[in-house]
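**Student:** Below is one structure. I have some questions about it.
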Protein chains: 2
Amino acid sequence: MTKNIAIGIDIGGTNTPYGIIDEDGIILAKGHLLTNSNLSVESFIEDLANHIKHKLESLPFDVSLCGIGVGAPNGDYFNGTIENAPNLPWKGRIQLADLFKEQFRDQPIFITNDANAAAVGEMIYGYARNMKDFIVVTLGTGVGSGIVSSGELVYGHKSFAGEIGHTIIEPNGRLCGCGRRGCLETYASATGFVKTAKELIENWDVRSLLKQIDPHDLKATDISQAAELGDELALKVFDITADKLGFSLANTAAITNPEAFIIQGGLARSGELLLKPLRKYMEGYLLNILQGQVKVIASALEENNTAILGAAAMVWQEGKKISI
Amino acid sequence: MTKNIAIGIDIGGTNTPYGIIDEDGIILAKGHLLTNSNLSVESFIEDLANHIKHKLESLPFDVSLCGIGVGAPNGDYFNGTIENAPNLPWKGRIQLADLFKEQFRDQPIFITNDANAAAVGEMIYGYARNMKDFIVVTLGTGVGSGIVSSGELVYGHKSFAGEIGHTIIEPNGRLCGCGRRGCLETYASATGFVKTAKELIENWDVRSLLKQIDPHDLKATDISQAAELGDELALKVFDITADKLGFSLANTAAITNPEAFIIQGGLARSGELLLKPLRKYMEGYLLNILQGQVKVIASALEENNTAILGAAAMVWQEGKKISI
């Protein structure tokens, strides 16, 4: 029997993992290539394609390739391009879908950004399998989101929807990489989370395990570990982060009325340490008719694989549309 | 020749206007019925249906009725119901679509809330005819919005999407009818607009035409008229309102990336008095990749008819879907 498979690729700033994935979300094989900044994008995609073809040939059973999904920073679904992605070595507008088509003839290619791929991953393989309206929030180096309404991704006019990380929640707040002040990202990203800890370490006269760590070396995982041990300061960092994020989720819920927020990324691994205060604050800020109606859950997809699963899931998602 | 027509009905707290409308948005006939709080909802819908049937029979040409669209506060598209609408005399959950079906046998009936009907109206008859992603913002007694993504209304999980008026823009700000503080509605509704004027009249030592009006009698139209004459205080009211609304539109644009915000309602009639500072503030708050990309325009639909046009437009919108 021939197995239907999709390829999921996650082009990142330093590393590009890929996976060969079936319709049930089983990763049959995976690999990765360093995102080599010395290569032209054409040569890089050629190298990547050769890696993947080799991997496909080495599978011990027959497969039928149904398509290729690619998640990339600033990935534009409508045009199949990436454009001025801040963390990638290639500048300007790149016809990414065309480059893949040269390598994989006759295959459908789907390009989107990381957060949208994450949302499709949850819809096909994760908690959102039976949901029509939900939002995936990715808490990583940045804060992104993928919004699904009536079972369809919300791309927006220029494919820029979902920039929840760049909604301003604190006028005159922390300076953001985007040049403005008070974006959610400056509080709820891994960097913002660590910054909150540093501010407390400096200004709060309380004993804390975190005060024994050189501030330059302090990482989000240190804070999570300390919080698990009941460290008061570390717990306060979670509380402040949950307050900021909860405010933002409540406002976002008023706009798109999702059934659930599914949290992905490093901070989601902290589980109830984050989710418990997050639910409390969100409920406190929610409009009355929405109270008790909006779930907040951590993704059940394996952290390291969410990006390639999401990218591959686009192939099945689009296939469903075509068969309707 | 038989003319295809739809009926658009706008059930309001005091008055229920309706119109017989063709596919081009021409209102062939219209009328209204007082929303009689002494009648049961069943009797009221029966009266309304009799009015409309009489109006249909009096038309001087043959028509083919294609469906009935009803906009109502808290109208639920999925269930065809209204539930606990604050301004309507009938409480509890009302099976509105069923009541209309009893009166108009075999006709498709579409129920939705006012802001969603407004969005469909703009899509079928207004500025959004060639847009796939836009948001109608209604500035009236309250502040609502209807969101369209990829040509489809965003209803959300429980049909509550679009509550932009109840996003919190000023923590610890003005008390809102919803019980929380700082909702956009407390600043950008007609009531909020007048409140801003009253605060300035009381606290700002500047000459103003508005100081000659008894504060209890001050209306939004007084402020618009004074602003048109160059009254400094009245212009400041527009400036403050535009600042608050511009902040909210910028955050909303980051979430759904609309091509345009189309402004409806009393304040939209003030035209550039509101729109000019609104665009300026919104641009100032917008994320860099969205700057210069989001239009802010006043609805071109005739103010008094937007609600019945929007309700009727649902019939054509749904018809398009079915014919695909």
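**Student:** What residues does the range B:130-157 have that are buried by at least 50 Å² of accessible area in the full protein assembly compared to the chain on its own, 1.4 angstrom probe?
**Tutor:** B:His157
**Student:** Ratio of chain A's C-alpha Rg to 2.2 N^0.38 Å, to two decimals?
**Tutor:** Scaled against compact globular proteins, the figure is 1.03.
**Student:** I've got another one for you. Among A:Ile213, A:Val148, A:Ile111, whose Cα sits farthest toward the positive end of the charge dipole of chain A (+1 at Cβ of Lys/Arg, -1 at Cβ of Asp/Glu, about the Cα centre)?
**Tutor:** The Cα lying farthest towards the positive end belongs to A:Val148.
**Student:** Taking B:Ser58 in one copy and the same position in all the others, each labelled 7 Å out along Cα→Cβ, what are the pairwise distances from the first, in nm, shortest first?
**Tutor:** Going from nearest to farthest copy, the values are 8.3 nm.
**Student:** While we're on this one: Partner chain Cβ atoms within 10 Å, averaged over the residues of B:168-175 - can you pull that number for me?
**Tutor:** Taking the mean over all residues of the peptide, I get 2.
**Student:** Per DSSP H run of at least 4 residues, take -39500 (n - 2.57); add these up for chain B, divide by its residues and hand me the 222 nm value, nearest 500 deg cm²/dmol.
**Tutor:** Computed mean residue ellipticity for chain B: -12000 deg cm²/dmol.
**Student:** Let me ask you something else. Mind listing the label-point distances from B:Glu228 to the same position on all other copies, shortest first, one decimal in nm, points 7 Å along Cα→Cβ?
**Tutor:** Values, ascending and in nm: 6.8.
**Student:** Still on this structure: Rolling a 1.4 Å sphere over the protein heavy atoms, what is the accessible area per residue of the range A:238-324, to the nearest Å²?
**Tutor:** The answer is 36 Å² per residue.
**Student:** Follow-up question, since we're still on this one. Kindly provide the pair-distance distribution of the range A:132-221 built from C-alpha pairs, with 10 Å bins from 0 and whole-percent values in order of increasing distance.
**Tutor:** Cα pair-distance distribution for the range A:132-221, in percent: 16, 36, 29, 13, 6, 0.
**Student:** Right, another one. Putting +1 on Lys and Arg Cβ atoms and -1 on Asp and Glu Cβ atoms, find which of B:Val296, B:Trp316, B:Gly265 reaches farthest to the positive end of the dipole of the range B:259-324.
**Tutor:** B:Val296
**Student:** Turning to a different aspect of this structure: Using label points projected 7 Å from each Cα along Cα→Cβ, tell me how many nm separate A:Glu42 and A:Arg207, to one decimal.
**Tutor:** The answer from the label model is 6.6 nm.
**Student:** Return one quarter of the surface area of the convex hull spanned by the alpha-carbon atoms of the protein assembly as shown, equal to its mean projected area, in nm².
**Tutor:** Result: a mean projected hull area of 34.4 nm².
**Student:** Can I ask one more? Where only protein heavy atoms count, and the probe is 1.4 Å, what is the accessible area per residue for the range A:84-206 in Å²?
**Tutor:** Value returned for the range A:84-206: 41 Å² of accessible area per residue.
**Student:** Right, next: So what's the gap between the Cα centers of the range A:297-315 and the range B:200-279, to the nearest angstrom?
**Tutor:** Comparing the Cα centres of the range A:297-315 and the range B:200-279, I get a distance of 46 Å.
**Student:** Which percent of the accessible area of the range A:190-324 is formed by carbon and sulfur heavy atoms (probe 1.4 angstrom)?
**Tutor:** Result for the range A:190-324: 52 percent of the exposed heavy-atom area is carbon or sulfur.
**Student:** Buried accessible area for the B:A pair, summed, 1.4 Å probe, in Å² rounded to 100?
**Tutor:** Protein heavy atoms only, the B-A interface buries about 3200 Å².
**Student:** Work out the length of the dipole vector of chain A about its Cα centre, built from +1 on the beta-carbon of each Lys and Arg and -1 on the beta-carbon of each Asp and Glu, and round it to the nearest 20 debye.
**Tutor:** With only Lys, Arg, Asp and Glu charged at Cβ, the dipole is about 440 debye.
**Student:** Next question, about the same structure. Could you pull the accessible area for A:Val148 with a 1.4 Å probe, rounded to 10 Å²?
**Tutor:** Near enough 10 Å² of accessible area.
**Student:** Let me make sure I get this right: for the range A:1-157, a, b and c are the square roots of the gyration tensor eigenvalues over alpha carbons, sorted descending. Under 1.5 in a/c it's rounded, otherwise prolate if a/b > b/c, else oblate. Which is it?
**Tutor:** oblate
**Student:** Can you list the residues, at least 5 places off or on another chain, whose amide H is less than 5 Å from the amide H of B:Ala298, using H built in the peptide plane?
**Tutor:** B:Ile263
**Student:** Expressed in whole Å with the largest first, what are the equivalent ellipsoid semi-axes of the range A:159-266 derived from the C-alpha gyration tensor as the square root of 5 times each eigenvalue?
**Tutor:** Largest first, the range A:159-266 gives 27, 16, 12 Å.
**Student:** For the range A:156-301, give the magnitude of the charge dipole about the Cα centre (Cβ charges: +1 Lys/Arg, -1 Asp/Glu; no others), in debye to the nearest 20.
**Tutor:** It comes to approximately 340 debye.
**Student:** Further question on the same structure: Output, in nm with one decimal and in ascending order, the distances from the B:Gly179 label point to the matching label points of the other copies (7 Å from Cα along Cα-to-Cβ).
**Tutor:** From this label point to the equivalent ones elsewhere in the assembly: 4.3 nm.
**Student:** HN-Hα J couplings of the range B:15-21 from phi, Karplus 6.51/-1.76/1.60, θ = phi - 60°, integer Hz, Gly and Pro as x?
**Tutor:** Per residue, the Karplus-derived 3J(HN,Hα) values read 9, 10, x, 9, x, 9, 10 Hz.
**Student:** With all protein chains present, how much of the accessible area of the range A:1-65 (probe radius 1.4 Å) comes from carbon and sulfur, to the nearest whole percent?
**Tutor:** Whole-percent figure for carbon plus sulfur exposure: 47.
**Student:** Report, by chain and number, residues whose modeled amide H sits under 5 Å from the one on B:Thr141, excluding near sequence neighbours (fewer than 5 apart, same chain).
**Tutor:** B:Ala190
**Student:** Next question, about the same structure. Under a straight-distance cross-link criterion of Cα-Cα below 26 Å, which lysines are reachable from A:Lys276, leaving out those fewer than 8 residues away in the same chain?
**Tutor:** Within the straight-line limit of under 26 Å, A:Lys276 reaches these lysines: A:Lys132, A:Lys195, A:Lys198, A:Lys211, A:Lys219, A:Lys236, A:Lys244, A:Lys295, B:Lys158.
**Student:** Apply the Karplus curve 6.51 cos²θ - 1.76 cosθ + 1.60, θ = phi - 60°, to the phi angles in the range A:162-173 and return the couplings in whole Hz, x for Gly and Pro.
**Tutor:** With coefficients 6.51, -1.76 and 1.60, one gets x, 7, 4, x, 10, 8, 7, 10, 9, x, 6, x Hz.
**Student:** I would also like to ask the following. Applying the Karplus parametrisation 6.51 cos²θ - 1.76 cosθ + 1.60 with θ = phi - 60° to the phi angles of the range B:52-58, what ³J(HN,Hα) value in whole Hz is obtained for each residue in order, glycine and proline being reported as x?
**Tutor:** 5, 4, 4, 5, 4, 5, 7
The values are calculated or read from the model by the stated rules, or taken from the named source; none is laboratory data. Just so you know, these numbers come straight off a predicted model, no measurement behind them. Please note: Cβ atoms are built from the backbone with ideal geometry, for glycine as well, and neighbour counts cover all protein chains shown. Please note that ligands, DNA and RNA were not included when accessible areas were found on the heavy atoms of the full protein model with its side chains. Shrake-Rupley method; radii C 1.70, N 1.55, O 1.52, S 1.80 Å.
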